[in-house]
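*Asks:* Here you go, one structure.
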Amino acid sequence: MSLAETPTPATAPAPVPSMAAAYWRLQRSELRLVLGRRRNLVLLLGLAAVPLLLGLVLFFTQDTALDGQGPAFLGRVTGNGLFLVVASVFLCLPFLLPLTIGIASGDAIAGEASAGTLRYLLTVPVGRTRLLLVKAVGALAFAAAAVSAIAVVGLVAGAALFGVHDVTLLSGDTVPLGAGALRVLAVVAYVGLSLTGLVAVGLFFSTLTEVPVGAMAATVVVAIVSGVLDTIPALSSIHPALLTHHWLDFAEFLRLEPDWAVIGGGLAVQAAWVAIFGALAWSRFTTADVTS
Amino acid sequence: MTAPAVTVDPASASGDLPGADAGSAVQTRALTKRFRSGQVAVDGIDLSVPRGAVYGFLGPNGSGKTTTIRMVLGLVRPTSGTSWLLGSPEPATVLSRVGALVEGPGFHPYLTGRANLLRLDAADATADPRTAARRASEALERVGLLAAEGKPYRQYSLGMKQRLGLAAALLRPRELLVLDEPTNGLDPQGTREVRLLIRELAQAGTTVLVSSHLLGEIEQVCTHLGIMSRGRLLLQGPRSVLDQRGVTRVMVTVAPGHVATAAGVLRVLGLDVSAEDHALNAELGALEPARIPAALVHAGVDVVGFEVRRPSLEQVFVDLTGEGFDVAR
Ligand SMILES: Nc1ncnc2c1ncn2[C@@H]1O[C@H](COP(=O)(O)OP(=O)(O)O)[C@@H](O)[C@H]1O
Ligand SMILES: [Mg+2]
């Protein structure tokens, strides 16, 4: 450590950055941290591999390997590359996407706590509400990146392997390519928004512990348990409120006349989960002792 | 045993001051933390760190130093009591003027040292982004880490990690530095460098609150001391307080044959002497030490050695608690 005086050039008192500028500076740093982290990049690559592998399998078997299984759009992939996007998203929804979301959101606060960086952020100081918001936006951005990775690779692989054509909807009607592509985009957007509730759940768990793996696992378990409960007929009265119940309603966009009530209902349930678990995360994080 | 709560600083002795003392960089009033486990980590302490002081916050492992610092910085909520940081009861409003190192460094392992500093700077809403790179370089230079700034943090040695923690505390000019065990993991050379750094910062006017569980390591640079044991502040005040607390002894070594004469001289000065070979040993009491050699020489005694032994911090601690300076719980 040098004893030499570090000369500080005489500067005019630095202007204090505006609140918005200060917020976005931290938000950019957070996005770089989340999207630049090798583990997260590997996750994105893994998700991106799904449409590629699925496309290649279907291309080389050139048959209807998935015909008769699952929803009707699975069988249409070989006829229209656009459906590779939908089929890939469908395959990732039950487990791979919840896993990705669980890792990103469970790590948000708990990861900083376990690295010992949380106490240093808070003494910078960063307000706890601001930090939670920055972390939430970071986790949501990662969720968006995950869904986009599947969609973009699905689109490129689908177009390359099967070409893109006018879209034959589930009802058998055909819409022109442009309108069809828009519908596929809507499917992707709906799936992305369907994951926001899980992000909020993960964020809440993340405020409870200094062990990120615990928060990640708990978040994935919530998604899986929700899926299991959704299959038990005796619980049908609570099904509509379940986190995962409306996830497959993206299929509405593949009908001639999407039922906007169904779509709106699905998004409203997500909004409710976001509100409840966002509030829980906030009340916990703004009052908790930071002893990590 | 219950340790006696001895507070020497008159500013905090009254205990019923209405608010923060404007002269204090850190002030607490009956600050208490009981963890959910039931453990009372901090038990009603009245800390008072004057501005401009280098305050050595000493105590064995587990005595409550870190918990106190966490409460002062707003990381942990006190169970009861209050604290003021730079005169403010709301730490968040003044923390940008405070550099902190709490319970060891904490950084993202896969980011470089430099990237870690820039991350912290990005979090600082009052920092000027245009000067971030320069300030990071200056802080790294100051702790001797510039050469390793591009290495990922996980490849740092313990000492390098500690240095990066210090660099983070020095990212901006600070009025107060709170350094919790800054010498942990450092080799003797690193420890010396930290002491020099503290001295240098203090000379520039920064108040420093520095904790350690190793009594000797930072004692030398401190102008003030506070001694913790089992969650209580046993003693605090200017360093000279120590001399009043413990027993100062004098050791006189004389030429063979002069022992009896020397003992007589010391007794005349009012000292209770015990002799061993050529060495005489006595409690100094209120006597001015300079009078002893003068009186001996005057009586024709050949003085070979003369030494005043001030009480060591360790001795004071043992006197206060009746315990050794070990982990108390
Ligand atoms: N989060 C916690 N929960 C329960 N007890 C704690 C917690 N943190 C610290 N303690 C206890 O409080 C006491 C004081 O700890 P600490 O403030 O870290 O001491 P020091 O920094 O002086 O070593 C110790 O007995 C410790 O075990
Ligand atoms: Mg400690």
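*Asks:* Against the longest principal axis of chain A, how steep is helix A:260-285, in degrees 0 to 90 to the nearest 10, with axes from Cα atoms?
*Replies:* The helix A:260-285 is inclined about 20 degrees to chain A.
*Asks:* Can I ask one more? What nm value, rounded to one decimal, do you get for the distance between residue B:223 and residue B:88 when each label is placed 7 Å out toward the C-beta?
*Replies:* 2.3 nm
*Asks:* So if each residue of separation counts as 0.36 nm, and I subtract the Cα-Cα distance between residue A:32 and residue A:289, what length gain in nm does that give? Mind showing how you got there, number by number?
*Replies:* Numbers: separation 257, 0.36 × 257 = 92.52 nm, distance 2.76 nm.
This chain segment gains 89.8 nm when fully extended.
*Asks:* Next up: What are the residues whose amide H is under 5 Å from the amide H of residue B:229, where those residues sit 5 or more places off or on another chain and H is modelled from the backbone?
*Replies:* Answer set, sorted by chain and number: B:234.
*Asks:* How would B:93, B:82 line up by accessible area, probe 1.4 Å, largest first?
*Replies:* Values: B:93 95, B:82 65 Å².
Most to least solvent-accessible, the answer reads B:93, B:82.
*Asks:* Would you mind checking which residues have amide H under 5 Å from residue B:42's amide H? H placed 1.01 Å from N; only 5 or more apart, or other chain.
*Replies:* Under 5 Å from the amide H of residue B:42 lie the amide H atoms of B:33, each far enough along the sequence or on another chain.
*Asks:* Taking Cα atoms, how many degrees apart are the long axis of helix A:38-61 and the longest axis of chain A, rounded to 10 and kept between 0 and 90?
*Replies:* Approximately 10 degrees, to the nearest ten.
*Asks:* For chain A, take the longest principal axis of its alpha carbons; what is the angle in degrees between that and the long axis of helix A:82-92, to the nearest 10 within 0 to 90?
*Replies:* Tilt of helix A:82-92: around 60 degrees.
*Asks:* I need the semi-axes of the equivalent ellipsoid of segment B:10-238: take the C-alpha gyration tensor, multiply each eigenvalue by 5, square-root it, list largest first in whole angstrom.
*Replies:* 29, 19, 17
*Asks:* Which whole number gives the average, over all residues in A:109-122, of C-beta atoms from other chains lying within 10 Å of the residue C-beta? Walk me through the intermediate numbers first.
*Replies:* Working: counts 0, 0, 1, 2, 1, 1, 7, 8, 10, 2, 8, 13, 5, 9.
Mean partner-chain Cβ count within 10 Å for A:109-122: 5.
*Asks:* For segment B:10-238, with the dipole built from +1 on Lys and Arg beta-carbon atoms and -1 on Asp and Glu ones, taken about the Cα centre, which of B:165, B:102, B:37 lies farthest toward the positive end?
*Replies:* After comparing all options, I get B:37.
*Asks:* Something else now. Evaluate the charge dipole of segment B:161-269 about its Cα centre and quote only its size in Debye, nearest 20, assuming +1 on the Cβ of each Lys and Arg and -1 on the Cβ of each Asp and Glu.
*Replies:* Working: 13 positive and 9 negative charges, 43 e Å.
Computed about the Cα centre, the dipole is about 200 debye.
*Asks:* Assign one of three labels to the protein assembly as shown, namely rounded, prolate or oblate, based on the Cα gyration tensor with a ≥ b ≥ c the square roots of its eigenvalues; rounded applies when a/c is under 1.5, prolate when it is not and a/b is larger than b/c, and oblate otherwise.
*Replies:* On the way: a/c = 3.33, a/b = 2.86, b/c = 1.16.
Prolate is the answer for the protein assembly as shown, as a/c is 1.5 or above and a/b outweighs b/c.
*Asks:* Of A:156, B:74, B:231, which is farthest along the charge dipole of the protein assembly as shown in the positive direction, counting Lys and Arg as +1 and Asp and Glu as -1 at C-beta?
*Replies:* A:156
*Asks:* Can you give the FRET efficiency for residue A:16 and residue A:175, using 1/(1 + (r/R0)^6), R0 = 41 Å, r = Cβ-Cβ distance, to the nearest 0.05? Walk me through the numbers on the way to the answer.
*Replies:* Values: r = 54 Å, r/R0 = 1.32.
Result of the calculation: an efficiency of 0.15.
*Asks:* Let me ask another. Residue by residue through segment A:153-164, which ³J(HN,Hα) values in whole Hz follow from phi under the Karplus form 6.51 cos²θ - 1.76 cosθ + 1.60 (θ = phi - 60°), with glycine and proline marked x?
*Replies:* Taking θ as phi minus 60°, the curve returns 5, x, 5, 5, 5, x, 4, 5, 8, 10, x, 10 Hz for segment A:153-164.
*Asks:* If you don't mind, there's one more thing I want to ask. Give me the percent of the accessible area of segment B:109-256 that comes from carbon and sulfur atoms, probe 1.4 Å, all protein chains in place.
*Replies:* Working: 2880 of 5410 Å².
The computed percentage sits at 53.
*Asks:* Separate question: Whose amide H sits under 5 Å from the amide H of residue B:101, counting only residues 5 or more places off or on another chain, with H placed in the peptide plane?
*Replies:* Those lying under 5 Å, H to H, from residue B:101 are B:178, B:179, B:180.
*Asks:* Rounded to two decimals, what is Rg over Rh for segment B:247-310 when you use alpha-carbon atoms and the Kirkwood radius? Show your work: numbers first, answer last.
*Replies:* Details: Rg = 10.2 Å, Rh = 11.3 Å.
Radius of gyration relative to Kirkwood radius: 0.90.
*Asks:* As an exercise, take the mean of 1/r over every pair of distinct alpha carbons in segment B:154-218, invert it, and state the Kirkwood radius in angstroms.
*Replies:* Values: mean 1/r = 0.0822 Å⁻¹.
Value: 12.2 Å, from the Cα pair sum.
*Asks:* In whole Hz, with x marking every Gly and Pro, tabulate ³J(HN,Hα) for segment A:93-101 from phi via Karplus 6.51 cos²θ - 1.76 cosθ + 1.60, θ = phi - 60°.
*Replies:* 4, x, 9, 5, 5, x, 4, 4, 5
*Asks:* Let me ask another. Could you work out how far the C-alpha centroid of segment B:147-169 sits from that of segment A:114-186, in angstrom?
*Replies:* Here the answer is 36 Å between Cα centres.
*Asks:* Show me, for segment B:218-226, the HN-Hα J-couplings you get by feeding each phi into the Karplus relation (A = 6.51, B = -1.76, C = 1.60, θ = phi - 60°), rounded to Hz, glycine and proline as x.
*Replies:* 10, 3, 4, 8, 8, 8, 10, 9, x
*Asks:* While we're here: What aspartates and glutamates sit close enough to residue B:151 to cross-link, taking a C-alpha to C-alpha distance under 19 Å and skipping anything fewer than 8 places away on the same chain?
*Replies:* B:121, B:138, B:141
*Asks:* Given a 1.4 angstrom probe, what's the average accessible area per residue across the protein assembly as shown, in square angstrom? Before the final figure, lay out the partial values.
*Replies:* Values: 26400 Å² over 621 residues.
Accessible surface, normalised per residue, equals 43 Å².
*Asks:* Using the 2.2 N^0.38 Å rule of thumb for compact globular proteins, work out how segment B:178-329 stacks up: its C-alpha Rg over that value, please.
*Replies:* Values: Rg = 19.7 Å, N = 152, 2.2 N^0.38 = 14.8 Å.
Output field value: 1.33.
*Asks:* Okay, next question. In square angstrom, rounded to the nearest 10, how much accessible surface does residue A:253 have for a 1.4 Å probe?
*Replies:* Here the accessible area works out near 20 Å².
*Asks:* Need one number: buried accessible surface between chains A and B, 1.4 Å probe, both sides summed, DNA, RNA and ligands left out, in Å² to 100. If you can, show how the numbers build up before the last one.
*Replies:* Details: alone 14660 and 15520 Å², together 26400 Å².
Using a 1.4 Å probe, the pair buries roughly 3800 Å².
*Asks:* Could you sort A:165, B:108 by accessible area so the largest value comes first, with the probe set to 1.4 Å?
*Replies:* Details: A:165 85, B:108 10 Å².
Of A:165, B:108, the descending order of accessible area is A:165, B:108.
*Asks:* Can you return the lysines within cross-link range of residue B:65? Criterion is Cα-Cα under 22 Å, with same-chain partners fewer than 8 residues away left out.
*Replies:* Result set, ordered by chain and number: B:33, B:161.
*Asks:* Shielding by partners for B:135-143, please: the mean number of other protein chain Cβ atoms within 10 Å of each residue's Cβ.
*Replies:* Other-chain Cβ atoms within 10 Å of each residue's Cβ, averaged: 2.
*Asks:* Please compute the average number of Cβ atoms from other chains found within 10 Å of each residue's Cβ in peptide B:105-118.
*Replies:* Details: counts 3, 11, 4, 7, 2, 6, 6, 0, 0, 0, 4, 2, 0, 2.
Mean shielding count: 3.
*Asks:* How much of the accessible area of segment A:23-283, probe 1.4 Å, is carbon plus sulfur, in whole percent? Please list the in-between numbers first.
*Replies:* On the way: 7820 of 10630 Å².
The value for segment A:23-283 is 74 percent carbon and sulfur by accessible area.
*Asks:* Over all directions, average the projected area of the Cα convex hull of segment A:23-283 and note it in nm². List each step's numbers first, then the result.
*Replies:* Values: hull surface 58.5 nm².
The directionally averaged projection comes out at 14.6 nm².
The values are calculated or read from the model by the stated rules, or taken from the named source; none is laboratory data. Note that the structure is predicted; figures quoted are calculated from it, not measured. In this analysis, Cβ positions are derived from the backbone assuming ideal geometry, glycine residues included, and neighbour counts consider all displayed protein chains. Each accessible area value is taken on the protein alone, full model and side chains, heavy atoms only, with ligands, DNA and RNA left out. Shrake-Rupley method; radii C 1.70, N 1.55, O 1.52, S 1.80 Å.
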